[in-house]
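The values are calculated or read from the model by the stated rules, or taken from the named source; none is laboratory data. Worth saying up front: this structure is predicted, and the values here are computed from it rather than measured. Don't worry about glycine lacking a Cβ; one is built from the backbone with ideal geometry, like all the others, and counts go over all protein chains shown.
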Amino acid sequence: MEGLKPCPCGKTPTKLLISQSETTKYAYIYGNCCTEWIIEFRTKYYKLDSPECMELAIAEWNNAPRFDKIE
């Protein structure tokens with residue numbers, strides 16, 4: 001999957017995974033690099049396996065703020 005920004009773990013995921021939240025209005029996305037950084041996003045009631053839902057997930061992943069690690 002191209003066009004994804006890096007995860008805060010430092011790696012760039014090759015795939016985003018979507019899982020259902022408590023309602024159909026929201027879902028969770030996380031990268032296959034570490035599965036530690038999880039973002040909740042609105043699905044607009046698209047089915048989780050639909051291309052439209054993946055487009056929303058990619059946009060949310062790329063637009064989520066990233067912060068430098070504190071050492």
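Overview of results
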read-out	value
Residues located in the stretch 10-39, provided they are polar (S, T, N, Q) and farther than 16 Å from R66 by Cα	T14, S19, Q20, S21, T23, T24, N32
Checklist (1) in a loop (DSSP other than H, G, I, E, B); (2) modelled with pLDDT of 95 or more; (3) loosely packed, with under 12 Cβ neighbours inside 10 Å applied to T23, failing item	(2)
Filter pass, I39 being surrounded by fewer than 16 Cβ atoms within 10 Å (Cβ to Cβ) and either among the aromatic types (F, W, Y) or outside any loop (DSSP other than H, G, I, E, B) (or both)	yes
Neighbours by Cβ (under 8 Å, 6+ apart or cross-chain): first from the stretch 55-71, farther than 10 Å from I39 by Cβ; second at pLDDT 95 or above and not in a loop (DSSP other than H, G, I, E, B)	L56/F41; L56/R42; I58/L16
